[in-house]
Amino acid sequence: EMLLYRQNRVTEANMRMFLQLLNGPDWQQKEDLQTEIKKAITQVRDRYRAITCADFVELARDMKPNDADDTVARAHCIPRRNLDSENALVENALVEPVDQPGHVSIVIIPDSNNRENSPPQPSSRLINEVKNHLEERRLIGTAIHVVMPRYITISIRLTIHLNREADVATTRTNINNALENFFDPLPNPDNPEGWPFGRNVYVSEVYQLLDELEGVDYVEKTNKEDKDQDEVFFPRPDAINNQQRLVYTKDTGQLSAIQVKPEELVYLDITASDIDIISPLETLDFNG
């Protein structure tokens, strides 16, 4: 057989038998043999089995749901975690997660253009479709959990000084857009990948983002003498549960960062933000 292969004398019957092994016992030739061989080789190269995190992410993202308008924009895999069963009462606590060998959690974000001032969440139908799709491709002994993302809601409190030439209304719109795109979990022109899962919020980056906008002279903290008036804060009533996420510098006591867990994203509530815009020509208090 080796000599036949080297001399390219493999019969068409043998090729058909090999194609039947690849495509299943019910396979029937519908096109010429070379076309069928090319199709089989292409299918073999396609990712089908879910073994690694990269497999789960790609298969979840590429799944074609029944509703073409309800698709997966992003997927994130967390191995050895069962996010279905973790206690929701402590979801805000920065505690070590329970190690769950054999479990894999996949967090999905839908491709949504209409969010109505809320973070994008997948429908139960999309979650079930993705789970069924992955169940057919998982290894025996792997337990799959497809879940919606958890969001840490934040708002911004800063004072922005404009240049003399800056238009206040235009700059206000640019501030809104820049902040929303920066923290957006979905891909956008300013952030093609979307906000990364588990990425901490750094106050210095917010300063840098706003300071680089056209028309902005400089950015400073509002109420500098009030240590309780942080530049980034939690606007929701459950904010007290998130206080342990706050990281302060040892030397100045200023807020440095907000910690985010690996399965979490950030949602910016722009309507609860308190941004003062000060122009040499006029002063505006921009709330939201």
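Some values worked out for this structure:
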item	result
Flag if Asp230 is assigned to a loop (DSSP other than H, G, I, E, B), more than 30 Å from Glu165 (Cα to Cα) and over 23 Å from the mean Cα position of the chain (by Cα)	no
Matching option when the condition is part of a strand (DSSP E or B) and of a type in the set (A, V, I, L, M, F, W, C), among Ile108, Ile127	Ile108
Candidates Tyr248, Tyr267, filtered to the one that is more than 30 Å from Asn163 (Cβ to Cβ), hydroxyl-bearing (Ser, Thr, Tyr), within 25 Å of the chain's Cα centre (by Cα) and modelled with pLDDT of 90 or more	Tyr267
Selection from the stretch 150-180 of residues that are free of Cβ contacts under 8 Å to residues at least 60 places away in the same chain and part of a helix (DSSP H, G or I)	Ala169, Thr170, Thr173, Asn174, Asn177, Ala178
Those residues of the stretch 231-248 which are of a type in the set (S, T, N, Q) and loosely packed, with under 14 Cβ neighbours inside 10 Å, in sequence order	Gln243, Gln244
Candidate set: the stretch 181-208, residues that are part of a helix (DSSP H, G or I) and touching a Leu at 6+ places or on another chain (Cβ under 6 Å); chosen: the one surrounded by the most Cβ atoms within 10 Å (Cβ to Cβ)	Phe183
Residue list for the stretch 139-149, restricted to those being in a loop (DSSP other than H, G, I, E, B) and buried (at least 19 other Cβ atoms within 10 Å of the Cβ)	Pro149
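Here's the yes/no breakdown for (1) crowded, with 18+ Cβ neighbours inside 10 Å; (2) over 21 Å from Thr159 (Cα atoms); (3) of a type in the set (Gly, Ala, Ser):
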| residue | (1), (2), (3) |
| --- | --- |
| Tyr218 | no, no, no |
| Asp226 | no, no, no |
| Gln229 | no, no, no |
| Lys250 | no, yes, no |
| Leu268 | yes, no, no |
| Ala272 | no, no, yes |
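The values are calculated or read from the model by the stated rules, or taken from the named source; none is laboratory data. All values derive from a computational prediction rather than experimental measurement. Every residue, glycine as well, gets a Cβ built from its backbone with ideal geometry; the counts of neighbours run over all protein chains shown.
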